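Student: Pasting a structure here, questions to come.
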Amino acid sequence: MLVSALWRLGRFDKPIGIVLILFPCWWGLAYIQGFAIDPKLMLLFALGATVMRAAGCIINDYCDIDIDQKVQRTQNRPLATGEVTLKQALLFFVALCGVGLAVLLQFPPRCWGIGAIATVLFMIYPKAKRFTHYPQIFLGLAFNIGFPMAVALFTANWYHPGVVAAYAAGICWTVAYDTVYAFQDIEDDRHLNIGSTALRFGSQARAILVGLYGMMVLLLCLACYLAHSSLLAYAFFSGAGSLAIYKLKGVNFTDPQACREFFVANQWVGLLIFIGFLLR
């Protein structure tokens, strides 16, 4: 059925991607509001994250249709198999973007520019693997832009050093977990000459990823230090980093299932960080 194929095209059957985009949005709300966080805004960001993640997946599959057909993990995606035509995918993409625009228009005009930047980043990411060894950085820039957007709801000073530090922390987080995810396809990527941090980091990946999670914690702590936060925030950030590093040390990078499980486990890292911001 077309509906089922579109559901899978938008990866609605794999909601972890929504969670990983949504948490930075909620971090931004909590950074400003703490426990007074607005449930309506949380729901708006949840809707926005859901539709824009799906739109991003469609663009990714549209750009990668020739690659997906050659990679075992992705060869059954709806565009690669022909279950969904390019025209149907484009119409679905436009509909999703329409919903995303409706959400964005609920926010102050200063958020609109950030939303436009986010859209451009989501469009660039699928092509990034063709011109850089570090496409995960582009993913990090896109996935975490919800943090400054959430802050911009409340203040024009959304580029405050504390916000920049938290945004950079999110980028470190995304690069780390998506590098592990990329190890699932490392042989296919090598064969197809596609860039990824998994290939770039190689045998040094585990040490580099530990460093990225450590940098994530330091930047989160800096963000809260600049906001004169309580010690509880630092404790939860440290707990998030410790959990990630603990799980990272047990990952077998040659086991696709283990890489996938580590990727999914980062939802708990995001949750601990969210609690830390709530308590700040």
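The values are calculated or read from the model by the stated rules, or taken from the named source; none is laboratory data. Just so it is clear, the structure is predicted and the values come from calculations on it, not from any experiment. Heads up, the Cβs are rebuilt from the backbone with ideal geometry, glycines too, and the neighbour counts pull from every protein chain shown.
Student: Which of (1) more than 18 Å from F274 (Cβ to Cβ); (2) in a helix (DSSP H, G or I); (3) modelled with pLDDT of 95 or more does N252 not meet, given it meets every other one?
Tutor: With respect to (1) more than 18 Å from F274 (Cβ to Cβ); (2) in a helix (DSSP H, G or I); (3) modelled with pLDDT of 95 or more, N252 is out only on (2).
Student: Next question, about the same structure. Sort out which residues of the stretch 29-81 are in contact with an Asp or Glu (Cβ under 8 Å, 6 or more places away or on another chain) and within 22 Å of I117 (Cα to Cα), and write them in order of number.
Tutor: The answer is L29, D61.
Student: Please go through the stretch 146-183 and pick out each residue that is touching a Cys at 6+ places or on another chain (Cβ under 9 Å) and outside any helix (DSSP H, G or I).
Tutor: Across the stretch 146-183, the qualifying residues are L153, W158.
Student: Specify which of the listed residues (G34, G17, G100) is within 27 Å of V163 (Cβ to Cβ), small (G, A, S), in contact (Cβ under 8 Å) with a residue 60 or more places away in the chain and part of a helix (DSSP H, G or I).
Tutor: Only one candidate qualifies: G34.
Student: Next question. Can you tell me which residues in the stretch 77-89 are in contact (Cβ under 8 Å) with a residue 12 or more places away in the chain and part of a helix (DSSP H, G or I)?
Tutor: P78, L79, A80, L86, Q88, A89
Student: Another question, if that's okay. Being closer than 18 Å to V269 by Cβ and more than 14 Å from the chain's Cα centre (by Cα) is true for just one of G162, G195, G214. Which residue is that?
Tutor: Only one candidate qualifies: G214.
Student: Okay, next question. Please list, ordered by first then second residue, the pairs with beta carbon atoms under 6 Å, 6 or more apart or interchain, first in the stretch 153-170 and aromatic (F, W, Y), second assigned to a loop (DSSP other than H, G, I, E, B).
Tutor: Y167/N144
Student: Can you tell me which residues in the stretch 57-76 are touching a Lys or Arg at 6+ places or on another chain (Cβ under 9 Å), in a helix (DSSP H, G or I) and modelled with pLDDT under 90?
Tutor: Answer for the stretch 57-76, where residues must be touching a Lys or Arg at 6+ places or on another chain (Cβ under 9 Å), in a helix (DSSP H, G or I) and modelled with pLDDT under 90: D61, C63, I65, I67, D68.
Student: Could you list, in sequence order, all residues of the stretch 191-210 that are under 23 Å from S242 (Cα atoms) and either touching a residue at least 24 places away in the same chain (Cβ under 8 Å) or surrounded by 14 or more Cβ atoms within 10 Å (Cβ to Cβ) (or both)?
Tutor: Within the stretch 191-210, T197, A198, F201, A205, R206, I208, L209, V210 qualify.
Student: Does T81 satisfy being buried (at least 17 other Cβ atoms within 10 Å of the Cβ) and either at pLDDT below 90 or acidic (D, E) (or both)?
Tutor: No: the conditions fail for T81.
Student: Answer yes or no as to whether V103 is modelled with pLDDT of 90 or more, touching a Gly at 6+ places or on another chain (Cβ under 7 Å) and of a type in the set (V, I, T).
Tutor: Here the answer is yes, as V103 does meet what is asked.
A quick yes/no check of all residues on (1) surrounded by 14 or more Cβ atoms within 10 Å (Cβ to Cβ); (2) in contact with a strand residue (DSSP E or B) (Cβ under 7 Å, 6 or more places away or on another chain); (3) under 21 Å from G17 (Cα atoms):
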| residue | (1), (2), (3) |
| --- | --- |
| R53 | yes, no, yes |
| Q69 | yes, no, no |
| N76 | no, no, yes |
| A118 | yes, no, yes |
| Y125 | yes, no, yes |
| I137 | yes, no, yes |
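Residues checked against (1) among the β-branched types (V, I, T); (2) closer than 29 Å to Q257 by Cβ; (3) at pLDDT below 95:
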position	(1), (2), (3)
L153	no, no, no
D185	no, yes, yes
L209	no, yes, no
Y213	no, yes, no
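Student: Just checking, how many residues over the stretch 220-242 are of a type in the set (A, V, I, L, M), surrounded by fewer than 17 Cβ atoms within 10 Å (Cβ to Cβ) and either farther than 19 Å from A150 by Cα or without any contact (Cβ under 8 Å) to a residue 12 or more places away in the chain (or both)?
Tutor: So the answer is 3.
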